[in-house]
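Data block below; observations after.
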2 protein chains.
Amino acid sequence: MSAKEYNEDHRIVYYESDDTGHLTIAMLINLLVLVSDDQSNQLGMDTAFVNSLGVGWVVTQYHLQVTRRPKTGEVVTLKTKATAYNRYFAYREYWLLDAQGDTLAYAEGIWVTMSYATRKIATIPEELMTPYESEKTGKLPRLPRPERLDTTATVRTQPYTVRYFDIDNNGHVNNAHYFDWLLDTLPADFLRHHEPTDIRIRFENEVQYGHQVVSEVVQHDLTTQHQIKLGATIAALATVTWRKA
Amino acid sequence: MSAKEYNEDHRIVYYESDDTGHLTIAMLINLLVLVSDDQSNQLGMDTAFVNSLGVGWVVTQYHLQVTRRPKTGEVVTLKTKATAYNRYFAYREYWLLDAQGDTLAYAEGIWVTMSYATRKIATIPEELMTPYESEKTGKLPRLPRPERLDTTATVRTQPYTVRYFDIDNNGHVNNAHYFDWLLDTLPADFLRHHEPTDIRIRFENEVQYGHQVVSEVVQHDLTTQHQIKLGATIAALATVTWRKA
């Protein structure tokens, strides 16, 4: 049995794009969450229902492969399915397609349910997965991990304070904002003339409103290694591979 | 003769909302620009055409009156017209309507054309206004000005660095981001329990990528006075009136 697919169209608008006129990676992440939220709402699995089971969904890892970032004005199709899950982890796939049905980006995400009572990872409630016709399996695909930061190389760092408007309706920092912090440390000239092709990110520890985080980056040719630190704690670790634009 | 109206529907999505689940003021500004851009494109007045005349549109002032901020998931109608103009200023009106056609927000904006050659305000080219059937008039409505900051009161300040992703496709800072800087200085608890009803903002000087600006705020009961400074220069001045939510 294959999981239910869900898709919707979306027009890329100017405030979702960077100064080259292309969808930002932060907004691409927002669109992934949007389409999966919309599928969940359609299946009656809205946040209120999820929370009524004493848990909340949290993403721990994404792997994105980008062929081409769409431009402002382009209408794209967002597609997703909750492919498979086991006791603790749910594996979801996402596609961003152009008007011809060609893949602009493909993404995989690993999600867990956190218990509100224990603040720890909880067994995924069966009733949360059934409506998606997600496959229960012992063996989930493993996403490639981001590299540890090469601390023998030159590390560029930049502080960022978590702002009120970084917080979601669920009271947590919207994960998309990590990409603002991660990528803003790179020189504008690099960002204008390079395109991300492969992005791996792991969210390791939560940051909160008012926290001051530090975004660290090491560049090796067309690979950039990133981490977001809160004091000595790693909040997120990411590796991005680029091509010349 | 009355100016041509243009409208489109828009669904408010989660990444356009704050932690109370309502459209942020920054995103409201983005939606105003979106609907006027869409009207301009429909009339063949796209950015490339405007730039071919040696000028670019720049907003100098907004006045927003907000009845109710729409919630995530709500489908709203954005409406606008380029009501009137004179030699140097264009006056545009905007409406945000709910599904019943009731006004959620009403906004007015004053726009000028800046010459690329002189970097100064230029006479508005007649051919830029004709397609909108905008009324040429000697007397334009004046928008209420924001108050000067009461420097005898306690001024709260917060620094912000202009990020790469704050920059638009036109190479300038997206004006919507001023509202992130302006409002983030207020306590989260205030923002959660108050709704903006009247917002006046004037953009006085441009800020650029990499600049460190300071956001200053003075609070008098339900009125907050704001300014964004770049060194000793005022970049923007704003006054917001609030009601208890």
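Computed values, structure above
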| item | result |
| --- | --- |
| Residues satisfying the stated conditions in segment B:84-104, i.e. of a type in the set (A, V, I, L, M, F, W, C), within 16 Å of B:TYR6 (Cα to Cα) and within 17 Å of the chain's Cα centre (by Cα) | B:TRP95, B:LEU96 |
| Filter result for the condition that a residue is surrounded by fewer than 16 Cβ atoms within 10 Å (Cβ to Cβ) and either under 29 Å from B:LEU222 (Cα atoms) or at pLDDT 95 or above (or both), over B:ARG119, B:ARG163, B:ARG142 | B:ARG142 |
| Condition check for B:ASP102: of a type in the set (Asp, Glu) and within 14 Å of another protein chain (Cβ to nearest Cβ) | no |
| Test result for B:VAL66, surrounded by 15 or more Cβ atoms within 10 Å (Cβ to Cβ), in contact with a Pro (Cβ under 6 Å, 6 or more places away or on another chain) and more than 14 Å from chain A (Cβ to nearest Cβ) | yes |
| Enumeration of residues in segment B:69-99 that are away from chain A (no Cβ under 14 Å) and among the hydroxyl-bearing types (Ser, Thr, Tyr) | B:THR77, B:THR80, B:THR83, B:TYR85, B:TYR88, B:TYR91, B:TYR94 |
| Test: residue in segment B:4-21 that is under 22 Å from A:SER17 (Cβ atoms), without any contact (Cβ under 8 Å) to a residue 40 or more places away in the chain and at the interface with chain A (Cβ under 9 Å from one of its Cβ atoms) | yes |
| Any hit, segment A:137-148, residues being more than 30 Å from A:GLU195 (Cβ to Cβ) and charged (D, E, K, R) | yes |
| Tally, over segment B:22-58, of residues that are in contact (Cβ under 8 Å) with a residue 12 or more places away in the chain and outside any helix (DSSP H, G or I) | 12 |
| Within segment B:80-120, tally of residues that are among the polar types (S, T, N, Q) and in a strand (DSSP E or B) | 5 |
| Residue match in segment A:48-56 (condition: over 21 Å from A:HIS172 (Cβ atoms), touching a helix residue (DSSP H, G or I) at 6+ places or on another chain (Cβ under 9 Å) and at pLDDT 95 or above) | no |
| Where A:LYS120 falls short, out of the listed (1) without any contact (Cβ under 8 Å) to a residue 24 or more places away in the chain; (2) touching a Gly at 6+ places or on another chain (Cβ under 7 Å); (3) not β-branched (Val, Ile, Thr) | (2) |
| A:ALA105 being surrounded by 21 or more Cβ atoms within 10 Å (Cβ to Cβ), out of contact with any strand residue (DSSP E or B) (no Cβ under 8 Å at 6 or more places or on another chain) and more than 18 Å from B:ARG11 (Cα to Cα) | no |
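Rundown of residues vs (1) within 17 Å of the chain's Cα centre (by Cα); (2) without any contact (Cβ under 8 Å) to a residue 60 or more places away in the chain, yes/no style:
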site: A:ALA153; (1), (2): no, no
site: A:ASN175; (1), (2): yes, no
site: A:TRP181; (1), (2): yes, yes
site: A:THR185; (1), (2): no, yes
site: A:PHE190; (1), (2): no, yes
site: A:PRO196; (1), (2): yes, no
site: A:ARG200; (1), (2): yes, no
site: A:HIS220; (1), (2): no, no
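The values are calculated or read from the model by the stated rules, or taken from the named source; none is laboratory data. Note that this is a predicted model, so its numbers are computed, not measured. Positions of Cβ are backbone-derived with ideal geometry, glycine not excepted, and every protein chain shown enters the neighbour counts.
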